[in-house]
Amino acid sequence: MKLLEEKIKTDGKIFPGDILKIDNFLNHQIDVNLMLEMGKEFARLYKDEKITKILTIESSGIAIAVVTSQFLNNIPVVFGKKTAAANMGSNVYSSKVYSYTRQREFLVTVSSDYLTSDDKVLIIDDFLANGQALNALLDICKQANSEVVGCGIAVEKAYQAGGKLIRDMGVRVESLAKVSSMTDNSITFTN
Ligand code: 5GP
């Protein structure tokens, strides 16, 4: 998606540890117009699937998932919680994630009330690096016996292992911007 690539090129900042910072339009401050275009594009890519639920992980995935839902008949958005509250009850699905950016392990948790064997799920996230976050969300869908129609990713760092890992599992992955390389002064993209 050209619009997103251009925005990454002008506003993206590269940090140690191979981190692309896009805080000023996606991860901290949100460019709503760009977000709407991203949602529209995910909806176009998955329009033929009879999706009943969008699953994402807090926090940055939520905004992308919500705008996508608006172009897919306002289907419910469920987000995996990173800190399970006591009031979630004991009927939960959870899976371990090793956080790429925080470099520590955490549990992602979803109440069994909101994901069932009747669901056809589109998984949305902001970044795909090594595939840990997606893998956990896929695991949660498996525990719920939900069908996964595919994943929608804003930014895939295509030179990292996650894209291949998840696609090799037979899961459809659509990424709006695929970064093929990042150096201090240039970011390149691939199709
Ligand atoms: P993975 O689980 O695929 O290794 O990493 C994906 C998760 O780590 C995303 O949910 C995102 O929060 C975070 N992440 C990975 N790489 C980057 C990056 O370059 N920039 C930012 N802002 N987040 C990243």
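Read-outs: derived from the displayed coordinates by stated rules, not from any lab. Note that the coordinates shown come from a computational prediction; the quantities given were computed from them, not determined experimentally. Cβ atoms come from the backbone with ideal geometry, glycine included; neighbour counts cover every protein chain shown.
Near residue 56, the amide H atoms lying under 5 Å from its own belong to 78, 79, 80, 124; only residues 5 or more places off or on other chains count, and H is placed 1.01 Å from N. Specify the residue with the greatest mean-square fluctuation among 153, 22, 62, computed from a Gaussian network of the chain linking alpha-carbon atoms under 10 Å apart. Comparing 153, 22, 62 in the GNM, the peak value goes to 22. Over the chain, dividing the summed -39,500 (n - 2.57) contributions of all DSSP H runs of at least 4 residues by the number of residues returns a 222 nm mean residue ellipticity of -8500 deg cm²/dmol.
In the chain, the DSSP beta bridges split such that about 45 percent are antiparallel, to the nearest 5.
Exposed loop sites here are trypsin sites (Lys or Arg not before Pro) assigned a DSSP state other than H, G, I, E or B and surrounded by at most 14 other beta carbons within 10 Å; excluding them, the longest clear run of the chain is 105-191.
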